[in-house]
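Structure first, then comments.
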Amino acid sequence: MVRELSHFIGGKSVAGTSGRFGDVFDPNTGQVQAKVPLASKSEVEAVVTNAAEAQREWAKFNPQKRARVLMKFVALVNDEMDSLAALLSSEHGKTIPDAKGDIQRGLEVIEFAIGIPHLLKGEYTEGAGTGIDVYSMRQPLGVVAGITPFNFPAMIPLWKAGPALACGNAFILKPSERDPSVPLRFAELFLKAGLPSGVFNVINGDKEAVDALLFDPRIKAVGFVGSTPIAQYIYETASANGKRAQCFGGAKNHAIVMPDADLDDVADQLVGAAYGSAGQRCMAISVAVPVGKGTADTLVEKLTARVGKLNIGKSDQDSVDIGPLVSSDAVKRINDYVQIAIDEGATVVADGRNQNIEDNDTGFFTGATLIDNVTKDMRVYKEEIFGPVLQIVRADDYEEALALPTDHKYGNGVAIFTRDGDTARDFATRVQVGMVGINVPIPVPIAYHTFGGWKASGFGDLNQHGPDSIRFYTKTKTVTQRWPGGGLKGNTNHFVIPTMD
Ligand code: NAD
């Protein structure tokens with residue numbers, strides 16, 4: 001039975017009226033499990049009208065009252081953790097524990113947002129001039145939009161919604177059309193938590209809906225996460241239409257492995273970081289760079305042994321390490337890249353293509369691939385693959401290893417494994433990448449720090465969550481006030497620029 005999904009507008013589920021639908025698959029079976037409506041421009045205009053009205057009321061809630069709604073939301077999501085994780089896994093294909101992690105990392109930003117009243121206090125200077133006090137306040141932008149990718153259907157919408165709502169904005173989410181059900185359930189839970197109708201909305205759709213948001217002057221800011229070409233398009237279009245924009249794109253994350261590292265530990269960590277969620281994480285490690293031949297030979301041997309033991313299967317099975325990919329297109333893209341690597345002269349040490357999954361020849365599966373002897377001029381190195389493929393690029397020394405992530409067009413995450421503090425410190429200082437792990441393979445910052453990549457991985461000057469999110473979702477107003485009782489003397493000259501005498 002194929003479900004028909006809706007939008008969530010003005011506090012209720014609203015059926016799509018455009019007549020256009022997208023397929024939502026169960027990647028475990030390859031079957032269509034739901035139809036998602038793809039909104040037209042007029043449907044988007046209606047949701048913006050509704051959100052603009054609701055925002056005026058929401059902004060009148062005091063910050064503490066707004067925070068209480070978020071607190072209640074966290075409790076409601078935790079109550080439903082099991083069913084939400086199962087729903088997420090059934091549309092995305094990540095394993096159940098990984099789906100819970102997706103939700104939990106989202107909730108951590110909501111928890112951070114509960115403390116936002118403290119960060120909204122503004123600034124005050126008493127006696128900036130004779131009888132003059134100056135203060136600054138942070139005010140909400142109004143209606144803001146989030147456009148999010150398939151690979152973290154819970155975490156990324158919450159990263160954007162939490163700070164936006166805590167700062168007094170109304171939020172319109174355009175989730176990925178491939179796995180929209182968890183965001184739709186979040187909308188119901190926000191309402192149950194006491195969020196006024198119309199403050200959190202979900203509009204499903206594709207380019208038509210996104211463009212309608214980008215060109216609507218009532219949308220004041222756009223937060224995007226997804227592939228680089230779309231991130232760049234959205235950044236440029238939103239900016240040209242007078243909006244704030246922060247747009248995060250693709251990645252190619254390197255792990256530098258120094259000869260002094262504990263190679264068993266590194267191999268364990270790399271297998272999880274490269275193949276977890278079938279490699280569909282923007283912070284997945286896709287390139288390992290062992291330094292020196294001895295390091296490389298030992299690391300490849302240890303990785304090969306571990307890759308051989310990985311269990312590929314349905315995402316709801318307990319023993320499974322790698323579930324299916326999100327779509328048949330993704331499987332084809334990844335398998336094509338493995339062939340390209342072979343054609344380019346790299347060595348495929350473990351080939352994940354053509355997996356036999358018991359009783360299952362329709363699901364979107366491909367297994368873990370390990371490719372050695374990749375070089376920096378190869379397409380498979382330069383391009384984002386976004387699947388369970390780990391490449392080895394061998395480096396002769398530390399400088400050669402450091403240059404690889406530094407010169408790469410992407411700059412999302414990077415890691416170094418070493419016991420040497422000087423090397424680690426030098427690496428963290430010089431590498432041209434936004435998020436660095438030292439003996440940590442997936443350095444996603446904690447909620448109260450900011451998350452963001454450099455170069456082709458991020459467009460815009462403010463990052464996600466942490467203090468940057470408050471700057472992004474508020475505008476500063478500065479008041480300069482003078483009171484007659486404050487020692488004001490007769491002002492003799494109004495024609496000179498006022499100075500703080
Ligand atoms: P995607 O770019 O295909 O889609 C992202 C969003 O953009 C979706 O909501 C989609 O509906 C919309 N979209 C797609 N095509 C569009 C178009 N032509 N015009 C307007 N909107 C459009 O990305 P995806 O496949 O859902 O996600 C995977 C990508 O996201 C990978 O490249 C991954 O690296 C990246 N990602 C980056 C980060 C980060 O923080 N840098 C985090 C997660 C994922």
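Helix 63-79: angle to the longest alpha-carbon principal axis of the chain, degrees 0 to 90, nearest 10? Approximately 30 degrees, to the nearest ten. Our summary gives the stretch 243-310 a relative contact order of 41 percent, counting only alpha carbon pairs under 8 angstrom and 6 or more residues apart.
For a quick check of your reading of the filter: which trypsin sites (Lys or Arg not before Pro) in the stretch 8-105 sit in a DSSP loop and have no more than 11 other Cβ atoms within 10 Å? Spell out each step's value before the answer.
Numbers: sites: 12, 20, 35, 41, 56, 60, 65, 66, 68, 72, 94, 100, 105; in loops: 20, 60, 94.
Sites meeting the loop and neighbour criteria: 60.
Sort the stretch 253-438 into rounded, prolate or oblate with this rule: let a ≥ b ≥ c be the square roots of the eigenvalues of the Cα gyration tensor; rounded if a/c is under 1.5, and if a/c is not under 1.5, prolate when a/b is larger than b/c, oblate otherwise. Prolate, since a/c reaches 1.5 and a/b exceeds b/c.
Would you please name the trypsin sites (Lys or Arg not before Pro) within the stretch 249-335 that are DSSP coil residues with at most 15 other C-beta atoms within 10 Å of their C-beta?
Numbers: sites: 252, 281, 293, 302, 306, 309, 314, 332, 333; in loops: 252, 281, 309, 314.
For trypsin sites (Lys or Arg not before Pro) across the stretch 249-335 that sit outside H, G, I, E and B with at most 15 neighbouring Cβ atoms in 10 Å, the list reads 309.
Simple point charges give the picture: +1 on the Cβ of Lys and Arg, -1 on the Cβ of Asp and Glu, and for the stretch 253-438 a dipole about the Cα centre of about 380 debye.
Amide hydrogen proximity for residue 437: with H placed 1.01 Å from N in the peptide plane, the residues at 5 or more positions away or on another chain lying under 5 Å are 414, 415, 416.
Reported to the nearest whole Å, the Cα centre-to-centre distance from the stretch 404-422 to the stretch 138-214 is 33. Can you tell me what share of the DSSP beta bridges in the stretch 253-438 is antiparallel? A percent to the nearest 5 is fine. The antiparallel proportion sits near 15 percent. In whole angstrom, note down how far apart the Cα centers of the stretch 1-67 and the stretch 288-316 are. For the stretch 1-67 versus the stretch 288-316, the Cα centre distance is 42 Å.
Heavy-atom accessible surface of the stretch 128-196, averaged per residue, reaches 20 Å², computed with a 1.4 Å probe. Accessible area of the stretch 1-118 with a 1.4 Å probe: how many percent of it is carbon plus sulfur? Ligands and nucleic acids excluded, carbon and sulfur give 54 percent. Restricting attention to the chain, close to 45% of DSSP beta bridges with both partner residues there are antiparallel. Put simply, the amide H of residue 250, placed in the peptide plane, has neighbours under 5 Å in 228, leaving out anything fewer than 5 places away on its chain. The amide H of residue 33, built 1.01 Å from its N in the peptide plane, has 24, 25, 26 as neighbours under 5 Å, considering only residues 5 or more places off or on other chains. Using a probe of 1.4 angstrom and keeping all protein chains present, the accessible surface of the stretch 253-438 works out to 41 square angstrom per residue. Highest mean packing comes first when the peptides 158-164, 439-445 are listed by Cβ atoms within 10 Å, giving 158-164, 439-445. Between helix 421-430 and the chain there is an angle of about 60 degrees, using the helix long axis and the longest principal axis of the Cα atoms. Highest average first, the peptides 218-225, 166-173, 110-117, 2-9 ordered by how many other beta carbon atoms sit within 10 Å of their residues are 166-173, 218-225, 110-117, 2-9.
Taking packing as the residue-averaged number of other Cβ atoms within 10 angstrom, the listed peptides 174-186, 81-93 run from highest to lowest as 174-186, 81-93.
Report in % the part of the accessible area of the stretch 273-395 that belongs to carbon and sulfur, leaving out ligands and nucleic acids; probe 1.4 Å. Numbers along the way, then the final one.
Numbers: 2160 of 5010 Å².
Result for the stretch 273-395: 43 percent of the exposed heavy-atom area is carbon or sulfur.
The values are calculated or read from the model by the stated rules, or taken from the named source; none is laboratory data. Small disclaimer: the values here were computed from a predicted structure and weren't measured. Positions of Cβ are generated from backbone atoms using ideal geometry, with glycine treated the same way; all protein chains shown enter the neighbour counts. We work out accessible area using only protein heavy atoms, side chains counted, and drop any ligands, DNA or RNA first. Shrake-Rupley method; radii C 1.70, N 1.55, O 1.52, S 1.80 Å.
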